[in-house]
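To start, the structure itself, in structure tokens.
Nothing in this text is a laboratory measurement; each read-out follows from the coordinates by a stated rule. Just so it is clear, the structure is predicted and the values come from calculations on it, not from any experiment. Counting neighbours? That spans all protein chains shown, and the Cβs are built from the backbone with ideal geometry, glycine included.
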Amino acid sequence: MISCQRFVFLLTSGELDESGWLTRLQAGHHRLVCRHCRAFAANDQRLDDIVRAQRERWLQPDRGDEGAQADVQQGEPPGDDDGRRGTD
């Protein structure tokens, strides 16, 4: 079985996709038995999805001022989760 440190390295460096079947099998087994690495892998996947979506958004052609205004109006106001705007 591989260590958590090795699993995280393989996952974040991209070597897991390029490695042989034995390493992928060991990593999959480790993910099944280690709840910490399973959670890390899930968070890493979510982060990849967020970065990919943002990259696609940046690469879309400029929509002009109307599109930018619509994005601002749809966003949440800054502040705490209860909707306050930074007032104490």
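One table, with the values for the structure above:
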quantity	calculated
Electrostatic dipole magnitude of segment 1-54 [Cβ: Lys, Arg +1; Asp, Glu -1; Cα centre; debye, to 20]	260
Virtual spin-label span in nm between Gln54 and Val8, 7 Å along Cα→Cβ	2.1
Relative compactness, segment 1-57, computed as alpha-carbon Rg over 2.2 N^0.38 Å	1.20
